[in-house]
1. In the range 33-117, which trypsin sites (Lys or Arg not before Pro) fall in coil by DSSP and have 15 or fewer other Cβ atoms within 10 Å?
2. Based on C-alpha coordinates, I'd like the Rg and Dmax of the range 146-212, in Å.
3. To the nearest 0.05, how large is the calculated FRET efficiency for Ile24 and Phe3 if R₀ is 25 Å and r is the Cβ-Cβ distance?
4. Find, among the chymotrypsin sites (Phe, Trp or Tyr not before Pro) in the range 1-40, those assigned to loop by DSSP (not H, G, I, E, B) with at most 12 other beta-carbon atoms within 10 angstrom.
5. Taking only Cα atoms of the range 1-50, what ratio of Rg to Rh do you get with Rh as the Kirkwood inverse-distance radius?
6. Collect residues whose amide H, placed 1.01 Å from N in the peptide plane, falls under 5 Å from the amide H of Met52; neighbours closer than 5 in sequence don't count.
7. Between Gln196 and Arg168, how high is the FRET efficiency from 1/(1 + (r/R0)^6) when r is the Cβ-Cβ distance and R₀ = 45 Å? Nearest 0.05.
8. Rounded to the nearest 0.05, what FRET efficiency do Thr150 and Glu51 give with R0 = 25 Å and r taken as the Cβ-Cβ distance? Could you check?
Amino acid sequence: DIFQFGEHYFEAGEPGTYTMMDEIDANRIKTSILEAARQADIVLVSNHSHEMKGLDKSQLADFQREFAHMCIDAGAHAYLGHGPHVIRGIEMYKERPIFHGLGDFFYQAELIEKQPTEFYEKYGDLTPNHSTADGYDVRLQDKGVLNNETDPKTYESFIGNFKMVDGRVKEIMLYPITLGFKNRRPGRGTPEFASQQDAEKILTELKALSAPFGTHILIKDDIGIVEVPTK
């Protein structure tokens, strides 16, 4: 399992990719956080990125955790990640919360009123003379493509509520929500508090996703309570 290429030797491993932050972008963002920390009592960093590890949306791309840590190191009191349309684990880093994936709070992609020509070309024989609703109907019928609108996890999320005292996080509460996956299109994608059954499902998944980060979540009365480490 060892092979030589020129003067270098390689050992066979698992296929995959490793991603890193762009140094120029990272330094620019770090400068902004450092400035915000001087100008405000509480600094929140929100990051929208779709990348994942492999094909599992719930797993972070390598650079995302590195970036989240950099934000906290620069002075952010909390990091709010979103973009992959599913929930991801919660990490406590230097006593500050990193929400690696909040999921969706609203998701109304099927209610967009206008789409470019490529949208109609992508879904078969549609032309610009068709409506966007025609395109959404065709898209949902395409069983060979897993899109967000057909994935129930897109419509499961949570609200993170945390209390800060003198710049330190004292309490983190997690309120599970659903976005009406089974509703008709006009009523799908708006948040409401999850039923007891859905709340248990969402919080159990969130607890499992957070465990690899060393985060402990207590589930009580359909609410998640994050154990906040103290020095």
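1. Those that pass, being in a loop and sparsely packed, are Lys94, Lys114.
2. For the range 146-212, the Cα-based Rg and Dmax read 14.4, 46 Å.
3. 0.10
4. Numbers: sites: Phe3, Phe5, Tyr9, Phe10, Tyr18; in loops: Tyr18.
Loop-located and lightly packed - Tyr18.
5. Ratio of gyration radius to Kirkwood radius: 1.31.
6. Correct list: Ala61.
7. 0.85
8. E between Thr150 and Glu51, to the nearest 0.05, is 0.70.
The values are calculated or read from the model by the stated rules, or taken from the named source; none is laboratory data. The shown structure was predicted, so the numbers you read here are calculated from the model rather than taken from an experiment. Note: ideal-geometry Cβ built from the backbone for every residue, glycine included; neighbour counts use all protein chains shown. Heavy atoms of the whole protein, side chains included, go into the accessibility calculation; ligands, DNA and RNA do not. Shrake-Rupley method; radii C 1.70, N 1.55, O 1.52, S 1.80 Å.
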